[in-house]
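Reviewing the structure listed below.
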Amino acid sequence: MKPEIWVFIETRWGEIMAVSIELIGQARKLALQNYEVAAILTGDNLNPFFSPLFEAGADKIYAFAHPALASYRNDLYPNLIVQLANKYKPAVIFVGATTVGRDLAPAVAALLNTGCVADCCQVYFDAKGELLQIVPAFGIHAMATIVTPNHWPKIATVRPGVFPKLKDVSRTGKIEYLSLSLPPERLIFHEATRETIYHSSLVEASVVVAGGSGIGSQEGWDMLQELAMLLHGALGGTRPAVDDGWIPESQMIGQSGQIIRPDLYIAVGISGDMQHMVGAQDAKVIVAINKDKRAPIFQQADYGIVGDYKVIIPLMLNFLKNKEEVF
Amino acid sequence: MPGLQIAVCVKFVLDPKDVSEESIDSATGIINRAKYKLVINPLDKHALFAARQLQKVAGGVVTAVSMGPPSIAEDLTEILSLGADHAFLLSDSLFAGADTLATSYTLACGIKKFISNFDLILCGAKSLDGSTAQVGPQLAIHLGVPCVTNVSALSWQQNGFFNLRMKLEDGYLSFTVKPPVLFTVNRNLNTPQPPTLMDIVMARSKKVTVISNQDLGLDLNHVGLAGSPTRFKDMFYPPSKRKRELLSGLPEEMVNTLFQELRTKGIFGQ
Ligand SMILES: Cc1cc2nc3c(=O)[nH]c(=O)nc-3n(C[C@H](O)[C@H](O)[C@H](O)COP(=O)(O)OP(=O)(O)OC[C@H]3O[C@@H](n4cnc5c(N)ncnc54)[C@H](O)[C@@H]3O)c2cc1C
Ligand SMILES: Nc1ncnc2c1ncn2[C@@H]1O[C@H](COP(=O)(O)O)[C@@H](O)[C@H]1O
């Protein structure tokens, strides 16, 4: 039997989370002929998820259904994954780096006395078959490679959005229904409440105009809003812009806010702090407007304009209004 | 009812202002914490504040626990002024280089040994420099208690249960749980207040206890670098894909050049 690469499948609100599908695809690519890819699926109603998982690259599904598993809970899920791991001995377990995944994966690792690498943005095997887990280094524009050389299994949480989804509708596979014993329930679950996410405009926009603490006035923010409108884009900002009440929290870009990938990102009055920039670094083109020519943002931008936004933005608005037919 | 025995785990981290390429040792990947003035991990202040508020309604004792270099012993008074009644610093060169598994194991052993009958352990949801968000959930495993991470709302009920919410990206889960339990908290939970003059004065009479492995007697295979299953392999700088081009000329000229460049890049789809 081939060793297995496992992907924990997170479902929410009756759907599979995108990152789980992405990870199945990446696991399939890494597996080649050497491994089998197994999807670990727990919940209360699993049938709708089987074919999407096979189509995404799973060779096998381990399925365990129980009404108590309708949504994630720390007193049950890690314990079940550990029971399963002890029985089938996977080589690797990948988990999406969502709030849920980042609760589950370290707990599983601690129960199995192994390592868990958090928040990877790349995972692959090197020539010797060692799993390389790449994480951003703290606060600087460097990456670190982390390995788990002597412990079993290797566990990593991987960021959403780094791997493409695969889809092959002709694929099918084996479903293994499990009988596990539910551990004693220690949390009393009340409800799972879905909240409308307002950030979709930001995440889906192909142009994002963002302001920082350098804006500081209603007129300034009105100008940025107009620029965003003329570019058919969305308006976002930094932590200070949220803290000072200029934009809602849902529009914050960065480590603790939204991760965006627009074609064009225009940063205005933003210094370029790493906690902010991790949210925008995947933009195709970055434009920075800042009055301080030493601002770190210029090192991270494609085009920089050194100047006061109060001068530059009106010129941009003018340009767009007069040349509207061109764009 | 003797009130709640609360332990708050506080990590001292590098001030983001001090972060540069020199602050990480590129051979070991270890942050050179000894060289810098460390600060309380911002989310841990939310945890301390939550503990203080719970203590107001439920009574009891708040104990802070931190693992870190001996140099932070004096900084622990800040924790005391933020509401902890007593602080433990777990500090030993044997603990250095710990990953989250070894860190959480060490913290768990310290808590078990020095805080009897704890009801609640509070951690930040994640730390600024490690930012793994793993120590909380792993500590809960070592202590054998259930855990809820990323808590954004929390209250203590007269019937002896906590009501709380775990914040997700697009909603939340709500739970009730009775002690002992561990929560990791996020910034939406509360707005920590700076210490008053009174708090600062009171902090001087509170105690910081420094604990080494002589006091704990932990198996060296479970602490520090030796107890860490994950290993740093190397560090590399992905080539900047940015052009870093500063436009020149009068403001009008810069704006015109910018739009021309964007157009040739096909950003506006024509
Ligand atoms: C745990 C943690 C998580 C964080 N998460 C995030 C996050 O997710 N997102 C985030 O954004 N931040 C986050 N931060 C905050 C982050 O570290 C920075 O403090 C923040 O991004 C800086 O915002 P800023 O660039 O708007 O402000 P500043 O750094 O103050 O920069 C303002 C800039 O505006 C320029 N300026 C001023 N006036 C003008 C003018 N008239 N015209 C042109 N330019 C002008 C100045 O030269 C300066 O460069 C986090 C911090 C912590 C500790
Ligand atoms: N060395 C430490 N000492 C005390 N608490 C810690 C330590 N490391 C992590 N923690 C706690 O665990 C939380 C999450 O840290 P991390 O897993 O590093 O993101 C922190 O907010 C602290 O509450």
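The values are calculated or read from the model by the stated rules, or taken from the named source; none is laboratory data. Just so it is clear, the structure is predicted and the values come from calculations on it, not from any experiment. Counting neighbours? That spans all protein chains shown, and the Cβs are built from the backbone with ideal geometry, glycine included. These accessible areas exclude ligands, DNA and RNA; they are computed on the full protein's heavy atoms, side chains included. Shrake-Rupley method; radii C 1.70, N 1.55, O 1.52, S 1.80 Å.
Within segment B:1-57, the set of residues being open to solvent by 10 Å² or more (accessible area, probe 1.4 Å), more than 30 Å from B:S155 (Cα to Cα) and assigned to a helix (DSSP H, G or I) comprises B:P16, B:K17, B:D18, B:E21, B:E22, B:R33, B:A34, B:K35. Within segment A:234-259, residues that are more than 17 Å from A:T99 (Cβ to Cβ) have Cβ atoms under 8 Å from residues that are open to solvent by 20 Å² or more (accessible area, probe 1.4 Å) and within 16 Å of ligand 2 (Cβ to nearest atom) in these pairs: A:R239/A:S256; A:R239/A:Q275, counting only partners at least 6 apart in sequence or on another chain.
Checked against the criterion of being part of a strand (DSSP E or B) and not acidic (D, E), the candidates B:S71, B:S66 yield just one match: B:S66.
Of the helices (runs of 4 or more DSSP H) entirely within segment A:231-327, those holding at least 3 residues that are within 8 Å of chain B (Cβ to nearest Cβ) and either more than 16 Å from ligand 2 (Cβ to nearest atom) or crowded, with 23+ Cβ neighbours inside 10 Å (or both) occupy A:309-322.
Please indicate, with yes or no, whether at least one residue in segment B:128-143 is more than 8 Å from every other protein chain (Cβ to nearest Cβ), open to solvent by less than 10 Å² (accessible area, probe 1.4 Å) and more than 16 Å from ligand 2 (Cβ to nearest atom). Scanning segment B:128-143, I find no residue that is more than 8 Å from every other protein chain (Cβ to nearest Cβ), open to solvent by less than 10 Å² (accessible area, probe 1.4 Å) and more than 16 Å from ligand 2 (Cβ to nearest atom), so the answer is no. In the set (1) touching a helix residue (DSSP H, G or I) at 6+ places or on another chain (Cβ under 9 Å); (2) closer than 30 Å to A:K154 by Cβ, B:P239 fails one condition alone, (1).
Of all the listed residues (A:L30, A:L53, A:L41), the sole one being in contact (Cβ under 8 Å) with a residue 24 or more places away in the chain, part of a helix (DSSP H, G or I) and open to solvent by less than 10 Å² (accessible area, probe 1.4 Å) is A:L53.
Taking segment A:72-113 as the range and being outside any helix (DSSP H, G or I), under 20 Å from A:E36 (Cβ atoms) and not small (G, A, S) as the test, the residues that pass are A:K89, A:P90, A:V92, A:I93, A:F94, A:V95.
Residue count for segment A:251-271, restricted to those that are among the polar types (S, T, N, Q) and near ligand 1 (Cβ under 6 Å from one of its atoms): 3. With respect to B:F232, determine if the residue is over 24 Å from B:S71 (Cα atoms), in contact (Cβ under 8 Å) with a residue 40 or more places away in the chain and in contact with a strand residue (DSSP E or B) (Cβ under 8 Å, 6 or more places away or on another chain). Criteria met by B:F232.
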